[in-house]
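The values are calculated or read from the model by the stated rules, or taken from the named source; none is laboratory data. Everything numeric in this text was worked out from a predicted model, so none of it was measured. No Cβ is skipped: glycine too gets one built from the backbone with ideal geometry, and neighbour counts run over all protein chains shown. We work out accessible area using only protein heavy atoms, side chains counted, and drop any ligands, DNA or RNA first. Shrake-Rupley method; radii C 1.70, N 1.55, O 1.52, S 1.80 Å.
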Amino acid sequence: MNSQQRAKIYVLQGQWEEFCIGYVYIVHTDGVNPSFIRCILETQIKQFSNLVQYVHLNTNKEEWCLNLKVQPETIYEFQGENIIQWQESEINLDIAISFIDSRYASEFWNQLQNSRRHFRFDDVESTYPIIPSHQNLEAILSQISDSPELIIQKITNDSTNQFMEAIKRIFEDAETQSNYHVLEQLHYVIRSLIYIKNENVMKCLLNDKYYETLFGIMEYHSENKGPQRVSYRQFLKNELKFHRITEFEDSIIEKIHFNYRLSYLKESVMAYYLYIEDPLYNEFNYYIHENNQKILETLLIYHKSQFEKFLEKFMDDFEVKCKFINEFFLQFKAFLTIKSLNDAFVDCITQSNLLKILYQNSLLKVKQILSSPVCFTTLQVTIMIANSNSIYLQDFLKNNHDLFWQCMEALLFCQVNGLNSIILDIVQMICSNSTIQSQCIQWLSRCLQQPLNFSAALVLQELVQWICQQQKSISQDLIVLSNYILNILNQQSKEQRKDKFLLMSALKHFKYISTTGISEILKPFCNSLVLLAVNKRIDGILEGQIRDILKCIKLKNSLSQHLILIVKTLNLSDHPFFIRLMDQCQIDQIMVMDDQRYYELEDSNENQQGILEKDDIGLDFSRIVRKKNEEDEEDDETHVRDQKPRGIVFGDNCFKRIKPDDD
């Protein structure tokens, strides 16, 4: 039975007493007589007579604890979110059902309301679900739209599943006869069933017996025609393979199949109809999320030893296990925030030594100059573990730091596309720890002393800049690392054919250092910068970077003077790159000379002022204004008016500063 149908049954005997626990649902009989409220027993608590009627209907020999006719005249009450109560008039007894799942309680209530009418099985106009046929598919669509609760009941509670068997039979006949009109009608019937948004209906549609029928019908929508028609069944049969990593119970295997088929339906088959905020899309995600948690609990708690053995032999059948581990983190990483599951997962990867196995094999493959997916998987697993278990990763680095940094160095220089961006992310994630950060600086120093390719240079520059930004003051070690990167400028200036990608990393670091307090270290590299700027083969991107650097250098007086001296020495003052810099230099020199004249004049005025006697010095009271603060009448403030303007007077000498009067 479905766990959503689980409920407690109470009877009123002076006070409410718990009668039994079981699985409650509504059943139709022959389509003429009323329906029944039925409960299959799980736990019997007390005995009450007359609660099981029409025992002859129990052909499956199930253990019923409740089987009562739904009476049209009976008043049923829905209380709260999960309780349904009524008085059974024939036996004069008040009964209440308390459902565990409030969503199923609402569904049961809707079915109960529809079941209070009389139904006819063979009447197309009846509200009772009819059996599909080639002729009545339009009526089936109306049934699904008008009475979805009855369709749900028909599909989920009918042990022979006549409804889906009829759909399957119609589909097979129509496909054999190439009856595209019927096939398109079936497509709309299945889509309508999906949009009911009922988990039990979806489980029926996607079970082992009917999932091929569902995906086959979904191939025949009006937009999927002609030779380019997508065959979902071919993918599921021929390309999709299920690999069992341990012996699960059948119920868990069903959840795994259900999740994958539902994900394929959501992401591929119905991608044309669904949008991200579609309620059906969210409903599917909810089903998948609930199942994933149960699957992970089973794997990590009840099958922990088998999972450890699987990880220990990770390099056996490596390709399959790589796919599994990537899918594992993709599907289950959200649940690793649950402490019990996270602890179990850490135990598994610790016992199996998963990371060590991966790093050892990655290092071996790189040394053998073999391109292998193990390298990519190693980095992917590392970043996934860092996101969910950073403490475990730090412990791993303490015990295996030599292996880790050797492997990182080998992967950095192996020139495999896509690896370096992941290396950058991993190193940034682990360097929050001061010990690991010092190890990283040593690793960067080793890497920067090797011949660099452009990809490695960009990653190393990013890391050096990032660590500089993390520290309050830039250490001597980081200055040494910066010099290694900046030295690329000197090296490339001597090359006939320049590597613009290598230069980009050096120029990017040059610009960053020019904005810091250690910009003086750039002086040995300014000559190379000037030569690069006037190179006729300079790339447009590099030209833009150099212009940005010159803007930053203008703000650093000592550095800009040093650069100007180099420009003058090389007779490049008229070059377009440096004209504005030279103009700015001339303006600064004029302002310095004017300031010198101004302060000389000021000194002479002060000397003349000192000759005056103290008696001649007075305060001009006409310049004093007594201002009263209307809001706060505490102290009066005395303000002195300025008779002459402050600042700069624009005239013959527009840069002459005017000294304000002494108040």
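Per-structure values
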item: Count of residues meeting criterion [touching a Pro at 6+ places or on another chain (Cβ under 7 Å) and either of a type outside the set (Gly, Ala, Ser) or open to solvent by 20 Å² or more (accessible area, probe 1.4 Å) (or both)] in segment 149-188; result: 6
item: Odd one out for Glu297 among (1) at pLDDT below 85; (2) assigned to a helix (DSSP H, G or I); result: (1)
item: Of all residues making up segment 479-499, the number that are closer than 26 Å to Glu543 by Cβ and either touching a residue at least 12 places away in the same chain (Cβ under 8 Å) or open to solvent by less than 60 Å² (accessible area, probe 1.4 Å) (or both); result: 13
item: Lone unmet requirement of (1) of a type in the set (A, V, I, L, M, F, W, C); (2) open to solvent by less than 60 Å² (accessible area, probe 1.4 Å); (3) at pLDDT 85 or above for Leu570; result: (2)
item: Flag if Asn2 is more than 48 Å from the chain's Cα centre (by Cα), at pLDDT below 90 and open to solvent by 20 Å² or more (accessible area, probe 1.4 Å); result: no
item: Every pair of residues 6+ apart whose Cβ atoms lie under 6 Å, when the first sits in segment 305-325 and is aromatic (Phe, Trp, Tyr) while the second is not in a loop (DSSP other than H, G, I, E, B); result: Phe307/Leu299; Phe307/Cys348; Phe314/Lys321; Phe314/Ile357
item: Residues satisfying the stated conditions in segment 417-446, i.e. farther than 17 Å from Trp466 by Cα and surrounded by 16 or more Cβ atoms within 10 Å (Cβ to Cβ); result: Leu419
item: Candidates Ile357, Ile426, Ile369 - the one that is of a type outside the set (Ser, Thr, Tyr), over 29 Å from Asn291 (Cβ atoms) and in contact with a Ser or Thr (Cβ under 7 Å, 6 or more places away or on another chain); result: Ile426
item: Sole exception among (1) more than 21 Å from Tyr211 (Cα to Cα); (2) assigned to a helix (DSSP H, G or I); (3) open to solvent by 30 Å² or more (accessible area, probe 1.4 Å) for Glu247, by number; result: (2)
item: Flag if Leu274 is of a type in the set (A, V, I, L, M, F, W, C) and either part of a helix (DSSP H, G or I) or open to solvent by 40 Å² or more (accessible area, probe 1.4 Å) (or both); result: no
item: Met164 being touching a Cys at 6+ places or on another chain (Cβ under 9 Å), part of a helix (DSSP H, G or I), in contact (Cβ under 8 Å) with a residue 40 or more places away in the chain and over 30 Å from Phe310 (Cα atoms); result: yes
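Let's see how each residue does on (1) modelled with pLDDT of 90 or more; (2) within 52 Å of the chain's Cα centre (by Cα); (3) crowded, with 17+ Cβ neighbours inside 10 Å:
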| residue | (1), (2), (3) |
| --- | --- |
| Ser49 | no, no, no |
| Tyr54 | no, no, no |
| Thr59 | no, yes, no |
| Cys65 | yes, yes, yes |
| Ile75 | no, yes, no |
| Ile95 | yes, yes, yes |
| Ser106 | no, yes, no |
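Each row is one residue, and each column tells you yes or no for (1) part of a loop (DSSP other than H, G, I, E, B); (2) under 22 Å from Ala456 (Cα atoms).
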{"position": "Gln492", "(1), (2)": "no, yes"}
{"position": "Lys498", "(1), (2)": "yes, yes"}
{"position": "Ile513", "(1), (2)": "no, yes"}
{"position": "Lys523", "(1), (2)": "no, no"}
{"position": "Asn527", "(1), (2)": "no, no"}
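Quick grid of which residues meet (1) part of a helix (DSSP H, G or I); (2) open to solvent by 30 Å² or more (accessible area, probe 1.4 Å); (3) touching a Lys or Arg at 6+ places or on another chain (Cβ under 9 Å):
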{"site": "Glu462", "(1), (2), (3)": "yes, yes, yes"}
{"site": "Ile467", "(1), (2), (3)": "yes, no, no"}
{"site": "Asp477", "(1), (2), (3)": "yes, yes, no"}
{"site": "Phe501", "(1), (2), (3)": "yes, yes, no"}
